[in-house]
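The structure under discussion appears below in the form of structure tokens.
Rule-based calculations on the coordinates, nothing more; no lab input. Small disclaimer: the values here were computed from a predicted structure and weren't measured. Counting neighbours? That spans all protein chains shown, and the Cβs are built from the backbone with ideal geometry, glycine included.
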Number of protein chains: 2
Amino acid sequence: MKALVTAAGDEPGLRLDSVPEPEPGPGQALVAVAAVAVNRGELSVIGGLPPGSRLGWDVAGTVLRAAADGGGPAAGTRVLGLADLDGFAERVAIGTGRLAALPDGVDWPAAAALPVAGLTALYALRRAGRLLGRTVLVTGAAGGVGRIAVQLAAAAGARVIAWVGSAARTEGLAALGADVVDLYGTAPTGPVDVVLDSCGGEVLTQAFHHVVPGGTVVCFGNTARAELRLPADWGRARPGVSIHYVYLFDEITRQDVARALAFLVQMAADERIDPQVALVADWTDPAPALRRLQDRQVNGKVVLAL
Amino acid sequence: MKALVTAAGDEPGLRLDSVPEPEPGPGQALVAVAAVAVNRGELSVIGGLPPGSRLGWDVAGTVLRAAADGGGPAAGTRVLGLADLDGFAERVAIGTGRLAALPDGVDWPAAAALPVAGLTALYALRRAGRLLGRTVLVTGAAGGVGRIAVQLAAAAGARVIAWVGSAARTEGLAALGADVVDLYGTAPTGPVDVVLDSCGGEVLTQAFHHVVPGGTVVCFGNTARAELRLPADWGRARPGVSIHYVYLFDEITRQDVARALAFLVQMAADERIDPQVALVADWTDPAPALRRLQDRQVNGKVVLAL
């Protein structure tokens, strides 16, 4: 079968190649892939992998063969799932604990856009604890995870402040439920109970400045790749404050991923969240789409259709 | 009645003066004070207060008059309590929610040494969550709170690594239950699940370096008065890590302080913790003791007897 693998060459990229068919374990369903989403996290690893390496977490498709142990969705079921860096392929074996059935009305690109971004936003918000009636400041709000986090925080009853890096990145965020959309560093009106940060560095330091005593900071990325610097009064001025780092592939070892995926995709089916598919490209020519993702020129998710 | 108040002059200090008798509210007991403990936190505020200001959190004494609302200990009961910065006096009114009866065998200095240090250590350790069978690294382990934290962590079933600033400060820590006593920055053998830090600055950064993924850092002070600096991989190398700041006088607004005081003093009565009274001075001449506390020349608590 065909799969996208890392290409040799100066610029990190992906090319189609022939790879062996997957061999599902007893708890894995075999899925015929219809669409996959690409995450910036995958782009960042391409350069570090040897040419010919497989990639791919976000998958939507149809179950070709149910898991041999009898669990999970039956053959013919439309599903979304979280693959083990082998999802950019015609077929993939996925554990039934990382699959959920698609409700009618959710198309392939929307389903493929959800697993990594949706689970990351969901687990980061859950780590923050109480959200109802509180204020959540989301940095990097225009990104793939940020746009889902804004919607989930609003769905959880929070007032949402969306911070973005440029005026061009504000697009659509108010319609997603952000009460305020502002550039990084803009002082919010009113207290901030929760910061959800994927920027790190100076943006995180600026956001922390607005957290109230007892507040919570949840980081799930550090795109600045900068050290964490907080002023000397970081805790004393905010007694009870806590700072957390949530990494999806650690979090899923302790979570019911199938249930979370089912929740996310039902929210999409109910039009309570929009998976924010910004660009759908054919998987035989992924380079232009990947370049736009790398350069932060897409406000949302990049999906490749098979 | 007499009370210690802040003195005018070049050097921060305390002097005895006449002050009005306390007027207990309906939920407050009137306590005849027998001993008080001095915290470094109090020393640090002396310079910022106008001359003649009252001080004092840590109190042990005898209930002269029970609370008018009928709650709390009866007249004649020996108690320890957390006063509202007015405890360095012959008599003090304390809410019954911040008092506990002394078991036989706990003397005045031991009881007076417990409230601030014991509650701080207890609440900081509780914030860390699971302790049984885990490893706790305590920085500033030779200080008033540190010495209680070492004992409480050991009592909670943790392996305890005590970090101190100099060889002279290692005294007695092994006997208190520290499995390892080392100078700041010494690499521990084996994983560290919890860091309990009151130093901040470079010591905190060094300690953080040893925290495992999923680990917890609880800060309850920042004696370095330095900014928080952690390397760029602070979270990614430790998925699930969290950093908390616990401030006693915030924490007690949400806690059952009387119950915690009763627990701590029973632990002392059972000889499961030692309150670490390092020095007992007469309250009519506190200056030499305060100076030694300020200069970190006492390995434990400074108590003033009335």
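Summing -39500 (n - 2.57) over the DSSP H runs of n ≥ 4 in chain A and dividing by its residue number, what mean residue ellipticity at 222 nm do you reach, to the nearest 500 deg cm²/dmol?
One gets -6500 deg cm²/dmol as the mean residue ellipticity at 222 nm.
To the nearest 10 degrees, how steep is helix A:257-269 against the longest Cα principal axis of chain A, on a 0 to 90 scale?
80
From the residues B:Ala67, B:Gly300, B:Ala35, which one has its Cα farthest along the dipole of chain B in the positive direction, the dipole being from +1 and -1 charges on Cβ of Lys/Arg and Asp/Glu about the Cα centre?
B:Gly300
Please give the peptides B:198-208, A:201-211 ranked by average Cβ packing (other Cβ atoms within 10 Å per residue), highest first, as a rough proxy for protection.
Highest mean packing first, the order is B:198-208, A:201-211.
Normalise the Cα radius of gyration of the protein assembly as shown by 2.2 N^0.38 Å (N = residues in it) and let me know the number.
So the protein assembly as shown has a normalised radius of gyration of 1.16.
What nm distances, shortest first, do you get from the label point of B:Thr284 to those in the other copies when the point sits 7 angstrom along Cα to Cβ?
Taking the point 7 Å beyond Cα along Cα→Cβ, the inter-copy spacings are 10.0 nm.
What are the ³J(HN,Hα) values, in whole Hz, obtained from phi via the Karplus relation 6.51 cos²θ - 1.76 cosθ + 1.60 with θ = phi - 60°, for each residue of the stretch A:209-218 in sequence order, with x given for Gly and Pro?
4, 9, 6, 7, x, x, x, 10, 10, 10
What is the distance, in nm, between label points placed 7 Å from the Cα along the Cα-to-Cβ direction at A:Ser53 and at A:Leu183?
So the label points at A:Ser53 and A:Leu183 sit 3.7 nm apart.
Report the net charge of residues surrounding B:Gly56, where surrounding means a beta-carbon distance below 11 angstrom and charges are Lys +1, Arg +1, Asp -1, Glu -1.
-3
Near the amide H of A:Ala7, under 5 Å away, which other amide H atoms are found, from residues 5 or more places off or on another chain, if H is placed in the peptide plane?
The list, which skips near neighbours in sequence, is A:Gly13, A:Leu14, A:Arg15, A:Gly52.
Among A:Ala207, A:Gly185, A:Thr135, which residue has its Cα positioned farthest towards the positive end of the charge dipole of the stretch A:120-249, with +1 placed on the Cβ of Lys and Arg, -1 on the Cβ of Asp and Glu, and the dipole taken about the Cα centre?
A:Thr135
How would you order A:123-133, A:108-118 from highest to lowest mean count of nearby Cβ atoms within 10 Å?
Highest-to-lowest ranking by the protection proxy: A:108-118, A:123-133.
If we hang a label 7 Å off Cα along the beta carbon direction at A:Gln266, how far is it from the matching labels on the other copies, in nm, shortest first?
4.4
Mind checking the mean number of beta-carbon atoms from other chains within 10 Å of the Cβ atoms in A:199-210? Spell out each step's value before the answer.
Numbers: counts 0, 4, 1, 0, 0, 0, 2, 0, 0, 1, 0, 0.
Across A:199-210, the average partner-chain Cβ count within 10 Å equals 1.
Using +1 on the beta carbon of Lys and Arg, -1 on that of Asp and Glu, and nothing else charged, what's the dipole of the stretch B:118-249 about the Cα centre, debye to 20?
Numbers: 11 positive and 8 negative charges, 64 e Å.
Around 300 debye, computed over the stretch B:118-249.
What are the residues whose amide H is under 5 Å from the amide H of B:Ala158, where those residues sit 5 or more places off or on another chain and H is modelled from the backbone?
Under 5 Å from the amide H of B:Ala158: B:Gly133.
Placing unit charges on C-beta atoms (Lys and Arg positive, Asp and Glu negative, everything else neutral), compute the dipole magnitude of chain A about its Cα centre in debye, rounded to 20.
My answer is approximately 660 debye.
Go through B:141-152, B:292-303, A:15-26, B:276-287 and give me the packing order, highest mean Cβ count within 10 Å leading.
Working: B:141-152: 28.8, B:292-303: 19.2, A:15-26: 13.4, B:276-287: 17.2.
Result, highest mean Cβ count within 10 Å first: B:141-152, B:292-303, B:276-287, A:15-26.
Of A:Ala121, A:Ile161, A:Gln151, whose Cα points farthest to the positive end of the dipole of the stretch A:103-165 (charges on the beta-carbon: +1 Lys, Arg; -1 Asp, Glu; origin at the Cα centre)?
Of A:Ala121, A:Ile161, A:Gln151, it is A:Ile161.
If the cut-off is a Cα-Cα distance under 25 Å, which lysines reach A:Lys2, setting aside same-chain residues fewer than 8 apart in sequence?
A:Lys301
Given +1 on the Cβ of Lys and Arg, -1 on the Cβ of Asp and Glu, and no further charges, what dipole in debye does the protein assembly as shown carry about its Cα centre, rounded to the nearest 20? The partial results should precede the final answer.
Numbers: 52 positive and 60 negative charges, 40 e Å.
That gives a dipole near 200 debye.
Give me B:Asp69, B:Asp84 sorted ascending by neighbouring Cβ count inside 10 Å, so fewest comes first.
Working: B:Asp69 11, B:Asp84 15.
Ranking B:Asp69, B:Asp84 by Cβ neighbours within 10 Å, fewest first, gives B:Asp69, B:Asp84.
Enter the mean number of other protein chain beta carbons within 10 Å of the beta carbon of each residue in A:245-254, as an integer. Intermediate values should be presented prior to the final figure.
Details: counts 12, 5, 8, 1, 1, 7, 2, 0, 3, 2.
Taking all residues of A:245-254 together, the mean is 4.
Enumerate the calculated ³J(HN,Hα) couplings along the stretch A:240-246 in order (Karplus 6.51 cos²θ - 1.76 cosθ + 1.60, θ = phi - 60°), each rounded to whole Hz, writing x wherever the residue is Gly or Pro.
Karplus-based 3J(HN,Hα) across the stretch A:240-246 equals x, 5, 9, 10, 10, 10, 10 Hz.
Evaluate the stretch B:176-263: find the radius of gyration of its Cα atoms, find its Kirkwood radius, and give the ratio Rg to Rh.
Over the Cα atoms of the stretch B:176-263, Rg/Rh equals 1.01.
Between chains B and A there is a rotation axis; tell me the chain B residue with the nearest beta carbon and how many whole Å away it sits.
Here the nearest residue and distance are B:Ile243, 2.
Assume the label is 7 Å from Cα along Cα to beta carbon: what separations in nm does A:Arg65 have to the matching positions in the other copies?
Distances to the matching label points in the other copies: 8.7 nm.
What is the average number of partner chain Cβ atoms found within 10 Å of a Cβ in A:229-238?
That works out to 6 on average.
Report the antiparallel proportion of the DSSP beta bridges in chain A as a percent, rounded to a multiple of 5. If you can, show how the numbers build up before the last one.
Working: 31 of 56 bridges.
Antiparallel bridges make up about 55 percent of those DSSP assigns within chain A.
Given H placed 1.01 Å from N in the peptide plane, which residues other than close sequence neighbours of A:Gly214 have an amide H under 5 Å from its amide H?
The answer is A:Gly240, A:Val241.
With the Cα gyration tensor of the stretch B:118-249 in hand, convert its eigenvalues to equivalent ellipsoid semi-axes via √(5λ) and list them largest first in whole Å.
20, 16, 15
Report ³J(HN,Hα) in whole Hz for each residue of the stretch A:153-169, in order, from the Karplus equation J = 6.51 cos²θ - 1.76 cosθ + 1.60 where θ = phi - 60°; Gly and Pro get x.
Ordered by residue, 3J(HN,Hα) equals 5, 5, 5, 8, x, 9, 7, 10, 10, 9, 9, 10, x, 7, 4, 5, 8 Hz.
So in the protein assembly as shown, what percent of DSSP beta bridges are antiparallel if you round to the nearest 5? Write out the running numbers ahead of the final one.
Details: 68 of 118 bridges.
Percentage antiparallel, nearest 5: 60.
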